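The values are calculated or read from the model by the stated rules, or taken from the named source; none is laboratory data. Since the model is a prediction, treat every value here as computed from it, not as a measurement. Quick reminder, even Gly has a Cβ in these numbers, built from the backbone with ideal geometry, and neighbours come from all protein chains shown.
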Amino acid sequence: MSDVRHDVAYGEESIILKTMVGLLYPFIMLFGFSVILNGHYTPGGGFQGGGVLASLFVARFVVYPVEDTDSERLHALQRLFLALIILAPAALLFTGVVARYEEFRSAYLTLMDILIGVQVGLGLGVAVLRFAFFHGVGQTWHL
(Lines give C-alpha, C1' and ligand atoms only; values in the text may rest on other atoms or scores of the structure.)
Protein backbone atom coordinates (compact mmCIF):
# COMPACT_ATOMS: atom_id res chain seq x y z
CA MET A 1 0.00 0.00 0.00
CA SER A 2 1.51 3.27 -1.05
CA ASP A 3 1.49 6.34 1.10
CA VAL A 4 -0.34 9.04 -0.87
CA ARG A 5 0.77 12.45 0.27
CA HIS A 6 -0.83 15.69 -0.81
CA ASP A 7 1.46 18.68 -0.92
CA VAL A 8 -1.35 21.18 -0.41
CA ALA A 9 -0.74 23.20 2.72
CA TYR A 10 -3.61 24.64 4.73
CA GLY A 11 -4.45 28.11 3.53
CA GLU A 12 -2.86 27.65 0.14
CA GLU A 13 -4.94 29.24 -2.57
CA SER A 14 -6.68 27.01 -5.08
CA ILE A 15 -6.46 28.38 -8.59
CA ILE A 16 -9.64 26.52 -9.59
CA LEU A 17 -11.64 27.90 -6.69
CA LYS A 18 -10.24 31.37 -7.23
CA THR A 19 -11.09 31.31 -10.93
CA MET A 20 -14.61 29.95 -10.46
CA VAL A 21 -15.50 32.42 -7.71
CA GLY A 22 -14.02 35.21 -9.81
CA LEU A 23 -16.21 34.18 -12.75
CA LEU A 24 -19.36 33.72 -10.66
CA TYR A 25 -18.96 36.84 -8.50
CA PRO A 26 -20.64 39.32 -10.91
CA PHE A 27 -23.43 36.84 -11.68
CA ILE A 28 -24.13 36.32 -7.97
CA MET A 29 -24.28 40.09 -7.54
CA LEU A 30 -26.63 40.46 -10.53
CA PHE A 31 -28.84 37.64 -9.27
CA GLY A 32 -29.01 39.21 -5.79
CA PHE A 33 -30.05 42.59 -7.16
CA SER A 34 -32.50 40.90 -9.55
CA VAL A 35 -34.19 39.17 -6.61
CA ILE A 36 -34.28 42.48 -4.73
CA LEU A 37 -35.62 44.57 -7.61
CA ASN A 38 -38.32 42.07 -8.65
CA GLY A 39 -39.35 41.29 -5.08
CA HIS A 40 -42.69 43.05 -5.13
CA TYR A 41 -43.73 41.29 -8.37
CA THR A 42 -42.31 37.81 -7.80
CA PRO A 43 -41.35 35.66 -4.81
CA GLY A 44 -38.28 37.10 -3.21
CA GLY A 45 -37.50 40.60 -2.19
CA GLY A 46 -35.17 42.43 0.10
CA PHE A 47 -34.41 39.72 2.62
CA GLN A 48 -33.87 36.93 0.10
CA GLY A 49 -31.79 39.15 -2.19
CA GLY A 50 -29.77 40.32 0.81
CA GLY A 51 -29.01 36.70 1.63
CA VAL A 52 -27.73 36.19 -1.90
CA LEU A 53 -25.56 39.32 -1.62
CA ALA A 54 -24.20 38.08 1.72
CA SER A 55 -22.91 35.00 -0.08
CA LEU A 56 -20.44 37.35 -1.78
CA PHE A 57 -18.78 37.94 1.62
CA VAL A 58 -18.61 34.18 2.17
CA ALA A 59 -17.14 33.59 -1.30
CA ARG A 60 -14.53 36.29 -0.73
CA PHE A 61 -13.55 34.75 2.61
CA VAL A 62 -13.27 31.27 1.10
CA VAL A 63 -11.02 32.48 -1.70
CA TYR A 64 -9.02 35.10 0.19
CA PRO A 65 -9.15 34.53 3.99
CA VAL A 66 -7.34 37.68 5.12
CA GLU A 67 -8.45 40.11 7.82
CA ASP A 68 -8.38 43.28 5.75
CA THR A 69 -12.02 44.41 5.97
CA ASP A 70 -13.01 47.12 8.43
CA SER A 71 -16.02 45.59 10.19
CA GLU A 72 -16.81 48.78 12.08
CA ARG A 73 -17.22 50.71 8.83
CA LEU A 74 -19.44 47.96 7.38
CA HIS A 75 -21.45 47.89 10.59
CA ALA A 76 -21.86 51.69 10.49
CA LEU A 77 -23.07 51.42 6.89
CA GLN A 78 -25.51 48.73 7.96
CA ARG A 79 -26.86 51.01 10.71
CA LEU A 80 -27.28 53.80 8.14
CA PHE A 81 -29.42 51.54 5.97
CA LEU A 82 -31.43 50.53 9.04
CA ALA A 83 -32.10 54.20 9.77
CA LEU A 84 -33.20 54.71 6.16
CA ILE A 85 -35.53 51.70 6.47
CA ILE A 86 -37.16 53.44 9.44
CA LEU A 87 -37.23 56.93 7.90
CA ALA A 88 -38.54 56.00 4.42
CA PRO A 89 -41.93 54.69 5.61
CA ALA A 90 -42.22 57.57 8.05
CA ALA A 91 -41.61 60.07 5.27
CA LEU A 92 -43.72 58.41 2.57
CA LEU A 93 -46.48 56.45 4.26
CA PHE A 94 -47.32 58.60 7.25
CA THR A 95 -47.43 61.76 5.15
CA GLY A 96 -49.93 60.09 2.81
CA VAL A 97 -47.84 60.43 -0.34
CA VAL A 98 -48.17 56.75 -1.28
CA ALA A 99 -51.91 56.70 -0.51
CA ARG A 100 -52.65 59.82 -2.57
CA TYR A 101 -50.45 58.94 -5.54
CA GLU A 102 -50.80 55.31 -6.62
CA GLU A 103 -47.97 55.66 -9.15
CA PHE A 104 -45.49 56.00 -6.24
CA ARG A 105 -46.46 52.63 -4.72
CA SER A 106 -44.22 50.58 -7.03
CA ALA A 107 -41.28 52.97 -6.55
CA TYR A 108 -41.82 52.88 -2.77
CA LEU A 109 -41.82 49.06 -2.70
CA THR A 110 -38.70 48.93 -4.85
CA LEU A 111 -36.95 51.46 -2.60
CA MET A 112 -37.83 49.45 0.49
CA ASP A 113 -36.65 46.20 -1.14
CA ILE A 114 -33.31 47.82 -2.01
CA LEU A 115 -32.83 49.25 1.49
CA ILE A 116 -33.76 45.97 3.17
CA GLY A 117 -31.64 43.91 0.75
CA VAL A 118 -28.50 45.96 1.25
CA GLN A 119 -29.04 46.08 5.03
CA VAL A 120 -29.55 42.30 5.26
CA GLY A 121 -26.60 41.63 2.94
CA LEU A 122 -24.30 43.81 5.03
CA GLY A 123 -25.62 42.38 8.30
CA LEU A 124 -25.18 38.75 7.29
CA GLY A 125 -21.83 39.52 5.65
CA VAL A 126 -20.50 41.24 8.76
CA ALA A 127 -21.73 38.35 10.92
CA VAL A 128 -20.02 35.76 8.71
CA LEU A 129 -16.74 37.67 8.62
CA ARG A 130 -16.79 38.32 12.37
CA PHE A 131 -17.33 34.66 13.13
CA ALA A 132 -14.63 33.72 10.63
CA PHE A 133 -12.05 35.95 12.30
CA PHE A 134 -13.11 35.57 15.95
CA HIS A 135 -10.01 35.28 18.10
CA GLY A 136 -11.39 33.60 21.22
CA VAL A 137 -13.59 34.22 24.21
CA GLY A 138 -12.93 37.48 25.99
CA GLN A 139 -11.18 38.91 22.95
CA THR A 140 -12.36 41.76 20.80
CA TRP A 141 -13.61 41.27 17.26
CA HIS A 142 -10.88 41.70 14.69
CA LEU A 143 -11.69 41.89 11.04
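In the set Gly39, Gly49, Gly32, Gly22, only one residue is under 28 Å from Leu115 (Cα atoms), at pLDDT 75 or above and outside any helix (DSSP H, G or I); that residue is Gly39. Take Ala59 and decide whether it is of a type outside the set (S, T, N, Q) and without any contact (Cβ under 8 Å) to a residue 24 or more places away in the chain. Against the criterion (of a type outside the set (S, T, N, Q) and without any contact (Cβ under 8 Å) to a residue 24 or more places away in the chain), Ala59 does not qualify. Can Leu17 be described as in a helix (DSSP H, G or I), more than 17 Å from Val128 (Cα to Cα), more than 13 Å from the chain's Cα centre (by Cα) and modelled with pLDDT of 85 or more? Here the answer is no, as Leu17 does not meet what is asked. In the range 30-40 there is no residue matching the filter, namely being over 14 Å from Val120 (Cα atoms), in contact (Cβ under 8 Å) with a residue 12 or more places away in the chain, surrounded by 15 or more Cβ atoms within 10 Å (Cβ to Cβ) and in contact with a Phe, Trp or Tyr (Cβ under 8 Å, 6 or more places away or on another chain). For the condition acidic (Asp, Glu) and over 28 Å from Leu24 (Cβ atoms), Glu67 does not qualify.
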